[in-house]
Amino acid sequence: MEISGYVPHGPSSSFSSFRAYLRALAQTPARLARRARSVSTSYDEMSGVRARSGSDMQKTLRWFDLVGLGVGGMVGAGVFVTTGHASRLYAGPAIVISYAIAGLCALLSAFCYTEFAVDMPVAGGAFSYLRVTFGEFSAFLTGANLVMDYVMSNAAVSRGFTAYLGTAIGVPAAKWRFTLSALPDGFNQIDVVAVVVVLTITLIICYSTRESSVLNMVLTAVHIIFIMFMVILGFCTGDWKNFTEPADPAHRAGFFPNGVSGVFNGASMVYLSYIGYDAVSTMAEEVKNPVKDIPIGVSGSVLLVTVLYCLMAASMSMLLPYDLIDPEAPFSAAFRGKWESNLIGAGASFGILTSLLVAMLGQARYMCVLGRSSVVPVWFARVHPKTSTPVNASAFLGILTAAIALFTDLNVLLNLVSIGTLFVFYMVANAVIFRRYVVVGTTNPRPTLSFLCSFSLTSIIFSFIWQFMPPGKLKAFMLCVTAAIAISMLQIFHCMVPQVRKPEFWGVPLMPWLPSISIFLNIFLLGSLDRPSYIRFGVFSAVAVLVYVFYSVHASFDAERSGSLSQKNGEIHKESAQEESNDPRLAV
């Protein structure tokens with residue numbers, strides 16, 4: 001296939017020699033113009049792109065497997081790692097409300113994920129969803145952030161496992177770790193136990209998805225028993241006055257010790273707890289009946305976990321005043337020196353193992369699909385013919401996670417993970433609206449893009465007023481005006497712009513209201529994060545952009561030239577009826 005502007009150099013790729021790479025760099029602007037906005041289709045993602053993995057992943061999962069994976073993936077990471085920090089530093093006893101807010105935001109995002117996953121049951125999750133709507137560059141930036149989220153959160157959770165395991169057997173976490181004074185603070189606490197756990201789980205997920213799911217179901221069942229024990233124990237032995245009275249009178253009292261802003265800051269931090277349902281969406285390619293199983297598995301697990309989180313947070317708040325909560329191991333530390341502490345530590349260890357197992361399944365499948373799309377080396381896309389798992393991606397990310405967990409302190413990881421997760425969920429909510437109202441090549445995208453940009457800008461203004469304007473009547477007036485503008489904008493768009501695509505099997509209800517609320521909540525929670533989080537996020541995103549410019553765009557250009565990838569954009573592409581009629585999901 002001849003491509004305008006391409007200087008042929010035989011069958012070799014852009015990376016076959018240093019000279020070939022220099023020629024490729026010289027053509028970077030043209031290649032960016034061609035590939036950055038290049039979109040795929042559901043048909044492409046489920047046929048030609050998926051075929052690049054060689055062997056197929058086996059369809060062995062049902063809705064109860066997905067619910068189990070969702071519960072296992074979410075319960076453990078959030079309550080047992082982030083709750084202590086969020087309650088002690090931000091929300092206080094109102095951590096219960098923080099979890100409810102984060103759960104609502106996650107449920108709305110889960111609806112958006114579900115519509116895509118049912119329509120396009122592939123392993124790519126948010127990366128694939130954005131690739132078929134906004135193009136390759138947006139998808140790559142999102143996919144890179146997702147992989148970073150998984151690696152960072154798994155490293156954080158594995159270090160939390162060390163703390164709870166120490167509590168379970170009566171050995172403080174400090175004795176499991178040793179300090180290297182030559183390294184800077186935050187990176188000098190060496191945790192060998194976390195490394196062993198991560199590498200062991202890596203071997204398990206490389207072996208078999210089905211066996212991994214069975215193991216997760218067993219561990220999750222045991223974990224739920226511990227959770228119910230802990231909730232009952234908290235409500236029976238706790239004290240209601242801990243919801244309003246701190247241990248130290250010098251600290252702020254009340255259910256909202258740091259005000260409403262503290263609740264939303266806490267919600268931003270505990271949002272890490274809900275990253276597990278995203279991992280469930282990456283299992284779509286291995287689901288027997290996507291139309292039935294995915295909506296139940298994704299949304300059902302988010303609802304169930306939100307209830308469990310709120311009960312656990314309430315239990316923790318009854319056990320101790322918020323200013324005595326241990327940020328590292330809040331639940332087991334509440335019973336320090338008692339037999340219940342050991343039991344809770346053991347239960348939390350099970351929960352952390354399940355969340356690690358599910359998240360590491362998810363991160364490997366994201367990396368696999370990035371490899372299929374040639375934005376990272378195709379080596380990551382390979383599915384082993386015997387195990388039917390993405391062994392290369394699993395092994396590489398497992399080793400990377402273990403390396404980070406060995407050195408990096410929990411506090412360094414948490415906010416960076418939260419901001420990346422919120423950004424990805426924000427992008428998916430935008431994508432589901434765009435896909436409902438725009439068919440590339442046939443529909444004018446400007447009204448929809450104008451609405452999405454204007455609504456996001458209004459949400460940002462609302463968040464700025466909330467965060468930086470001093471309390472008073474003027475602030476309340478400005479917030480009401482901004483909210484009224486956003487609602488009016490949404491209603492005008494709903495009335496004047498018709499939907500051009502109706503979901504075949506399952507769609508987000510109350511379109512475009514629910515995805516728009518998801519956009520607003522994600523932006524609002526992003527506004528609650530601190531400045532260092534944005535700096536770290538900006539640095540990582542800049543690195544991702546450089547990787548795309550210096551590697552990914554050239555690799556995908558080579559794949560297009562070889563016929564492995566298509567090139568479609570708003571000027572030259574019209575999705576064909578033949579692709580829709582040949583869509584394999586219609587045969588489900």
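Using the per-residue mean of other Cβ atoms lying within 10 Å as a proxy for protection, in what order, highest first, do the peptides 152-162, 59-69 fall? Please list the in-between numbers first.
On the way: 152-162: 28.5, 59-69: 21.5.
Highest mean packing first, the order is 152-162, 59-69.
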| task | Just grab the label-to-label distance for residue 530 and residue 473, each label 7 Å out from Cα along the Cβ direction, in nm (one decimal). | result | 3.6 nm
| said: Per residue, how large is the accessible surface of the range 41-529? Use a 1.4 angstrom probe and give square angstrom. | reply: 34 Å²
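Can you tell me the length gained on complete extension of the stretch residue 439 to residue 261, counting 0.36 nm per residue apart and subtracting the Cα distance?
Details: separation 178, 0.36 × 178 = 64.08 nm, distance 4.01 nm.
Going from the current span to full extension adds 60.1 nm.
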| said: Between residue 60 and residue 251, what is 0.36 nm times their sequence separation minus the Cα-Cα distance? Round to one decimal in nm. | reply: 63.4 nm
| message | Given a 1.4 Å probe and heavy atoms of the protein chains only, how would you sort 273, 488, largest accessible area at the top? | response | 488, 273
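Report the gain in length on full extension from residue 449 to residue 218: 0.36 nm times residue separation, minus Cα-Cα distance, nm rounded to one decimal. Before the final figure, lay out each step's value.
On the way: separation 231, 0.36 × 231 = 83.16 nm, distance 4.59 nm.
Extra length from residue 449 to residue 218 when fully extended: 78.6 nm.
Estimate the FRET efficiency between residue 18 and residue 543 by the formula 1/(1 + (r/R0)^6), using the beta-carbon distance for r and 25 Å for R0, to the nearest 0.05. List each step's numbers first, then the result.
Numbers: r = 23 Å, r/R0 = 0.91.
Calculated transfer efficiency: 0.65.
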| Listed residues 368, 310 arranged by accessible area, highest first, probe 1.4 Å | 310, 368
| said: Within the range 351-383, name every residue whose backbone N is under 14 Å away from a label modeled 7 Å from Cα of residue 196 along the Cβ vector. | reply: none
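If packing is taken as the mean number of other Cβ atoms within 10 Å per residue, what is the order of 252-261, 28-37, highest first? Intermediate results must be reported in sequence, preceding the final value.
On the way: 252-261: 15.5, 28-37: 17.5.
Top of the packing list down: 28-37, 252-261.
Give 292/502; 241/475; 241/473 a once-over and call out the pairs whose C-alpha atoms are over 29 Å from each other.
Working: 292/502 18 Å; 241/475 33 Å; 241/473 32 Å.
Result: 241/475; 241/473 exceed 29 Å.
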| note | Distance in Å, no decimals, from the C-alpha centre of the range 513-537 to the one of the range 192-226 is 31 Å
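Could you work out what % of the accessible surface of the range 41-529 is carbon and sulfur, using a 1.4 angstrom probe and leaving DNA, RNA and ligands out of the count? Numbers along the way, then the final one.
Working: 11760 of 16680 Å².
Looking at the range 41-529 in its full context, I get 71 percent from C and S.
The values are calculated or read from the model by the stated rules, or taken from the named source; none is laboratory data. Please read these numbers as outputs of a predicted model, since none were measured by experiment. Virtual Cβ from ideal backbone geometry, glycine too; neighbours counted across all protein chains shown. Areas reflect the complete protein model, heavy atoms only, side chains present, ligands, DNA and RNA absent. Shrake-Rupley method; radii C 1.70, N 1.55, O 1.52, S 1.80 Å.
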